[in-house]
Amino acid sequence: MSSLAPSFLLSMPQLLDSNFSKTVVLLCRHSAEEGAFGLVVNRPLITTGRVVVNLDPPVATEQELELWVGGPVEPERSWMLVGEEPGGDIFTSGISISDGLYLTTSPELLRRMLEPNSPPRVRLIVGYAGWGPGQLEAELEESAWLIADVDTELIFTTPAEQMWETAIRRLGADPAALQASRGVH
């Protein structure tokens, strides 16, 4: 199987794992030899605590910083998903996921996110979704996921609670009518 990345993985309604129930995963990397790396893009982190950001030099701010849960693996790691072309002073380094969609760990961009007029199409994501070699292929064979094209607008303009259903409906399917069957969809 050739690489499925970049694509969206849309969990089937029968996928009951609480980490992936009704999720839209941005599949960033995929290979038969190394497995797959993705980010859940429709799970805002709901917390009543404070988030501490360590930057050097430190930043003093009262800016609310929204966090998104990218998956259950390494929740202490973070990335910024950027929905615009790199350049200017937005960020200085990153990897291209698809047209107009980049992943970065730029401290400069994180600092900008803490300022009053932060860039609008940036998400701070903690953790990721990972699959070992052959694991994602097995899940696809078991009909755990639907595959869809990446849609940057869906990520940045659709409310998180509507993203999964919207993405499935764009495939021409009714989420309530989906049933598991063997094979890749």
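Quick check on my filter: what residues within region 13-38 are at pLDDT 95 or above, hydrophobic (A, V, I, L, M, F, W, C) and not in a strand (DSSP E or B)?
Correct list: Phe20 only.
So how many residues does region 101-136 have that are under 30 Å from Leu15 (Cα atoms) and in contact (Cβ under 8 Å) with a residue 40 or more places away in the chain? Working first, answer last.
Taking region 101-136 first, the residues under 30 Å from Leu15 (Cα atoms) are 101-104, 121-136.
Retained after the next criterion (residues that are in contact (Cβ under 8 Å) with a residue 40 or more places away in the chain): 101, 103, 122-136.
Residues in region 101-136 being under 30 Å from Leu15 (Cα atoms) and in contact (Cβ under 8 Å) with a residue 40 or more places away in the chain: 17 in total.
Return only the number of the condition from (1) modelled with pLDDT under 90; (2) open to solvent by less than 50 Å² (accessible area, probe 1.4 Å) that Trp68 does not satisfy.
In the conditions (1) modelled with pLDDT under 90; (2) open to solvent by less than 50 Å² (accessible area, probe 1.4 Å), Trp68 misses (1) alone.
Taking the residues in region 40-49 that are open to solvent by 40 Å² or more (accessible area, probe 1.4 Å) and in a loop (DSSP other than H, G, I, E, B) as candidates, determine which candidate is modelled with the highest pLDDT.
Let us first name the residues in region 40-49 that are open to solvent by 40 Å² or more (accessible area, probe 1.4 Å), namely 43-49.
After this cut, where a residue has to be in a loop (DSSP other than H, G, I, E, B) as well, the list is 43, 45-49.
Values: Arg43: 97, Leu45: 89, Ile46: 74, Thr47: 63, Thr48: 52, Gly49: 51.
Going through the qualifying residues, I end up with Arg43.
Every residue in region 21-39 that is under 14 Å from Leu146 (Cα atoms) and open to solvent by less than 30 Å² (accessible area, probe 1.4 Å), please.
Selection gives Thr23, Val24, Val25, Leu26, Leu27.
The values are calculated or read from the model by the stated rules, or taken from the named source; none is laboratory data. Just so we're clear, the structure is a prediction, and the values are computed from it rather than from any experiment. Counting neighbours? That spans all protein chains shown, and the Cβs are built from the backbone with ideal geometry, glycine included. Just so you know, the surface numbers come from the protein's heavy atoms only, side chains and all, with ligands and any DNA or RNA stripped out. Shrake-Rupley method; radii C 1.70, N 1.55, O 1.52, S 1.80 Å.
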